[in-house]
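> Here it is: the structure, laid out below.
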Amino acid sequence: QVQLVESGGGWVQPGGSLTLSCAASGFTFSRASMGWYRQAPGNEREVCAKINPDGVTYYVDSVKGRFTISRDNAENTVVLQMDNLKPEDSGVYYCKPSLVLPPDAQALNTWGQGTQVTVSP
């Protein structure tokens, strides 16, 4: 059974930092590309950052230079370090695999409960 458990959200003032963590299980994590996604109220869910099994990263332009995605294949975790946060970064953050081995295809349709990030004065 695929499980994705996000944690680390909270309230922070603009310019502050938060570290989000995602614990994954039920698929071959070390061979999966992982992504962090966010959804603001009234908006569609969008990708923030991705990391492939070799550690190659991708960031959407709005978070480049402020967010850092990393992974620990021994612990099956993916972390999103968020610095210099802005109010527009507020939303619910989710992690999910973006590419998996064929036997793990069901993991692509699984979402965790997410973790709320609120950036305000």
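> All but one of (1) open to solvent by less than 20 Å² (accessible area, probe 1.4 Å); (2) in contact with a Leu (Cβ under 9 Å, 6 or more places away or on another chain); (3) not in a loop (DSSP other than H, G, I, E, B) hold for Leu4, so report the exception by its number.
Of the numbered conditions (1) open to solvent by less than 20 Å² (accessible area, probe 1.4 Å); (2) in contact with a Leu (Cβ under 9 Å, 6 or more places away or on another chain); (3) not in a loop (DSSP other than H, G, I, E, B), the odd one out for Leu4 is (2).
> Moving to a separate point now. What's the total number of residues in the stretch 8-56 that are of a type in the set (Ser, Thr, Tyr), part of a strand (DSSP E or B) and either open to solvent by less than 60 Å² (accessible area, probe 1.4 Å) or within 18 Å of Val100 (Cβ to Cβ) (or both)?
Qualifying residue count for the region: 4.
> For Asn109, state whether it is at pLDDT 95 or above and surrounded by fewer than 17 Cβ atoms within 10 Å (Cβ to Cβ).
Against the criterion (at pLDDT 95 or above and surrounded by fewer than 17 Cβ atoms within 10 Å (Cβ to Cβ)), Asn109 does not qualify.
> So which residues in the stretch 62-83 are open to solvent by less than 40 Å² (accessible area, probe 1.4 Å), polar (S, T, N, Q) and more than 16 Å from Ser25 (Cα to Cα)?
Within the stretch 62-83, none qualify.
For every residue, the table says whether it meets (1) over 11 Å from the mean Cα position of the chain (by Cα); (2) in contact (Cβ under 8 Å) with a residue 40 or more places away in the chain.
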position: Met34; (1), (2): no, yes
position: Glu46; (1), (2): no, no
position: Pro53; (1), (2): yes, no
position: Lys64; (1), (2): yes, no
position: Asn73; (1), (2): yes, yes
position: Met82; (1), (2): no, yes
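> Further, regarding this structure: Taking into account only those residues within the stretch 84-100 that are more than 14 Å from the chain's Cα centre (by Cα) and within 23 Å of Gly15 (Cα to Cα), which is least open to solvent (accessible area, probe 1.4 Å)?
Leu85
> Still on this model: Out of the residues in the stretch 101-121 that are of a type in the set (Gly, Ala, Ser) and in a loop (DSSP other than H, G, I, E, B), which is nearest to Gly26 (Cα to Cα)?
Checking each candidate, the answer is Gly112.
> Criterion first (more than 11 Å from the chain's Cα centre (by Cα) and modelled with pLDDT of 95 or more) does Ala23 satisfy it?
No.
Let's see how each residue does on (1) among the polar types (S, T, N, Q); (2) closer than 24 Å to Gln3 by Cα:
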residue	(1), (2)
Asn76	yes, yes
Val92	no, yes
Val100	no, yes
Val119	no, no
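The values are calculated or read from the model by the stated rules, or taken from the named source; none is laboratory data. These figures come from a predicted structure and were not determined experimentally. Ideal geometry is used to build each Cβ from the backbone, glycine not excepted, and the neighbour counts take in all protein chains shown. Side chains are part of the model used for accessible areas, which takes the heavy atoms of the whole protein and leaves out ligands, DNA and RNA. Shrake-Rupley method; radii C 1.70, N 1.55, O 1.52, S 1.80 Å.
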